[in-house]
Amino acid sequence: MRIASTFGAVLCCLFYSKIAAQTNTTTAVPTYLPIPSSAASVPLNAAGYALEDFGNGAFMVTEGVYQALFIVSTTGIVLVDAPPTIGRKILFAIGNTTHLPVTHLIYSHSHADHIGGASLITAAYPNATIIAHANTFTQLNLTGDPSRPLPTKTFQDEYKLRVANHTLQLSYKGINHVPGNIFIYHSASKTLMLVDIVFPGWVPFDRLGEVSYVPGFIKAHDQILAYDFLHYIGGHLSRSGIRDDVQTQKNYVTDLFGNCKSAIEASATDDPVLGAEKIVEAALAANPGNSWAEFRAYLDVVNNYCANVTGEIWDGVLAGVDVFGESNANVMVESLRIDYGVLGPFGAM
Ligand SMILES: [Zn+2]
C-alpha cells in the first residue's frame, strides 16, 4: 500500500513530532520506574563534587550530573570541558589535587552546558591555551557567548597534545552529536572522553542526547569500542563508564533502530494498529484539510509503538527508558525516514 497525499511533499522537512508531557505541578507530578542500581549516583564530598582517580594523572570531576576530565602533568593541568553546573568546583578539585596551573583547556564540543564555565577557568588562568575542533570555533564565533571564550588553537582531523610527561590524542571522526564533537584519548590511563554519546547506566538524554545526526551517533558506538580504553567519560551523570556500558547502549540503540524500522515497514501494510491508511483517514475526517494533523497522527502511532516495544525490553535495565524512550523513538523514526530512506507508505510510487 502506498499513500499519495498532499502532505507527501513536506515530509522531508518535518523532523519529528513531539508529544509534550503536560504536567500540572499543582496536581500531578509524573512518576517513573525506580532507577536500577547501576545508575545510582556516587556520593559527593562536603564541597559538592566527586573525584574519580583513573591513575597516571587522570581525574574525572562531577557534581552528579555533568563531568569534566583533568590531567596532571609535571608542568601544569590539561582540563577537558568546564560545565557551568560544576563551575568553580572544578578549580577546587584541581586545587585540592595539585598547585600547578591550568595550562590547557580543551573543548569537547561547543555546547554551553559542557563548556559554559570556561570563562571561570580563563579568569583564573588567562594564559591557558584553548583547544577545539575548527567547527567548534565556527559555532562559538557565531553566537559570541562570553562564558565560552573562543579557542586559541583549532584542528581538523587529528591533534596530538603533548604537555610535559603526558599526551592526549584528539580526533574528529565526523558529525555525530554535533559537528566538531571530538574523541579525547589519554593513553597513559586508558581514558576516553566523547561527550553526549553514551550515558553509562542510563538511556540517552532527550532526543538521543539532542543528536544532530543519528547515523553518526550510531557509528560512534563502534568508534568508541575500537579504542583500547578502561574508562569512558560521556560528560553526563555521576559515574564514568566501562566497555560494557558502551556495548549495552549500543544494544539499546540497535533494538530501537530495529523496532522503529519494523514499525515504519508495518505501517505500509493493512496492519490493524500501524496501517497508515486508516490512521490518516481518521485524522483527516476529524481535521478536514489539516495535513499536519494527518501526519502527526501517523507519527504518533508509529513512535508510540516503537517506544513501547523497546521499553518492554529495556525498562529496568537502563534508567530512564520510560522518561525519554518515546523522545528517542521519535528521533530514530525520523532518521530512519530521512537519513536511511525507510519511508514505509511514503516511499516512491
Ligand atoms: Zn552537547
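The values are calculated or read from the model by the stated rules, or taken from the named source; none is laboratory data. Computed from a predicted model, the values in this text were never measured in an experiment. Please note: Cβ atoms are built from the backbone with ideal geometry, for glycine as well, and neighbour counts cover all protein chains shown.
So the values come out like this:
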read-out: Residue in region 311-327 that is touching an Asp or Glu at 6+ places or on another chain (Cβ under 7 Å) and within 12 Å of Asn259 (Cα to Cα) present; value: yes
read-out: Yes/no for Tyr213 being within 16 Å of the ligand (Cβ to nearest atom) and among the hydroxyl-bearing types (Ser, Thr, Tyr); value: yes
read-out: Test set (1) buried (at least 22 other Cβ atoms within 10 Å of the Cβ); (2) in the same structural domain as Gly55 (by TED's automatic domain parsing) - Val246 fails condition number; value: (2)
read-out: Residue under evaluation Ile175, criteria (1) closer than 18 Å to His133 by Cα; (2) more than 15 Å from the chain's Cα centre (by Cα), criterion not met; value: (2)
read-out: Selection status of Tyr227, at pLDDT 95 or above, in contact with a Leu (Cβ under 6 Å, 6 or more places away or on another chain) and not in a strand (DSSP E or B); value: yes
read-out: Residue match in region 136-158 (condition: buried (at least 17 other Cβ atoms within 10 Å of the Cβ), part of a strand (DSSP E or B) and more than 16 Å from the ligand (Cβ to nearest atom)); value: yes
read-out: Condition met for Gly235 (crowded, with 21+ Cβ neighbours inside 10 Å and within 14 Å of the ligand (Cβ to nearest atom)); value: yes
read-out: Every residue from region 193-219 that is surrounded by fewer than 24 Cβ atoms within 10 Å (Cβ to Cβ), of a type in the set (D, E, K, R) and closer than 18 Å to Ile182 by Cβ; value: Glu210, Lys219
